[in-house]
Amino acid sequence: MELSFKVFPRPPAHATLRVQRRDLQEALGTLRSLATSFFDVEALDLVPPSTLWIRVGGLGESLPVRVDRLRSFLGGGVDVVEEDAALWEAAREFAWLPSGWSLVKVPTTPRRLAELESRLGGSESLRRYSVGGNVAWVGWPGDPHPLSEALAELDLRGLRLVGPPGPVTLGRWEADPFGVRVKHALDPTGRLGRIAECNTGSR
């Protein structure tokens with residue numbers, strides 16, 4: 001097996017734009033517009049109900065011009081954070097997740113965020129949407145089964161990364177025949193747990 005990787009140098013300078021919109025729908029409109037634009041951004045996150053965090057990186061001498069162009073594109077409600085390293089470190093470390101809560105990763109798409117927010121917005125959960133709205137990070141208190149049921153109703157799946165003892169896979173999972181065969185070959189007695197082999201529910 002051969003693997004090849006493309007390595008890009010770390011940008012020497014960064015800036016973050018905090019964009020506040022009136023509501024979720026307006027924030028989603030901005031997210032979709034930016035995701036399909038010519039702007040090159042390092043990170044595009046949405047924190048409900050209506051705050052966007054946008055990070056850009058590049059050469060120090062050209063970064064202010066790029067930030068100004070991006071601000072013009074976004075219109076009003078934009079603040080610039082130049083010293084943003086601590087902000088993104090906290091995001092990477094999930095500092096917003098309370099102790100003892102579960103952290104669930106849910107693959108999704110920008111077009112599905114509204115229905116996911118509609119389903120989870122009334123709960124005690126905390127959410128952050130990353131990668132331009134293609135990954136949902138859900139902080140969930142207590143029993144994860146209600147979250148699993150909610151994801152299954154939306155035909156979504158979730159993977160519980162941290163939290164108290166309980167199911168790891170949540171929502172709707174379809175069987176992966178190849179994965180099942182590999183699992184059975186490497187772990188015929190099932191000592192390492194089971195792979196989802198049916199369509200719904202948590203494991």
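Nothing in this text is a laboratory measurement; each read-out follows from the coordinates by a stated rule. Remember, it's a predicted structure, so these values are computed and weren't measured experimentally. Glycine gets a Cβ as well: all are built from the backbone with ideal geometry, and neighbour counts include every protein chain shown.
Some notes on this structure:
- Between Arg71 and Lys105, the C-beta separation translates, for a Förster distance of 30 Å, into a calculated FRET efficiency of about 0.45.
- Residue list for region 61-98, given a label point 7 angstrom along the Cα-to-Cβ vector of Glu42 and an amide N cut-off under 12 Å: 82-89
- Candidates Gly75, Gly58, Gly190: whichever shows maximal mean-square fluctuation once the chain is modelled as a Gaussian network with Cα springs under 10 Å: Gly190
- Over the chain, relative contact order from alpha-carbon pairs under 8 Å, at least 6 apart, %: 18 percent
- Bins of 10 Å from zero: percent of alpha-carbon pairs in region 102-186: 17, 50, 25, 8, 0
- Only one item in (1) 21.3; (2) 19.5; (3) 19.0 matches Kirkwood radius over Cα pairs in Å derived from the coordinates shown, and that item is (3).
- Extension gain, Ser33 to Thr189, is 51.1 nm, computed as 0.36 nm per intervening residue step minus the present C-alpha separation.
- Once both labels are positioned 7 Å from their Cα atoms along Cα-to-Cβ, the gap between Ser123 and Ser4 label points is 4.3 nm.
- Measuring max minus min along each principal axis, the C-alpha atoms of region 13-92 give extents of 35, 27, 19 Å (largest first).
- Region 96-172 - percent relative contact order, Cα under 8 Å, separation 6 or more: 38 percent
- For region 4-47, the list of chymotrypsin sites (Phe, Trp or Tyr not before Pro) that fall in a loop by DSSP and count at most 11 other C-beta atoms within 10 angstrom reads Phe5, Phe38.
- Normalising the average separation of contacting C-alpha pairs (under 8 angstrom, six or more residues apart) by the number of residues puts the relative contact order of region 13-92 at 44 percent.
- Cα centroid separation, region 68-119 to region 15-43 (Å): 10 Å
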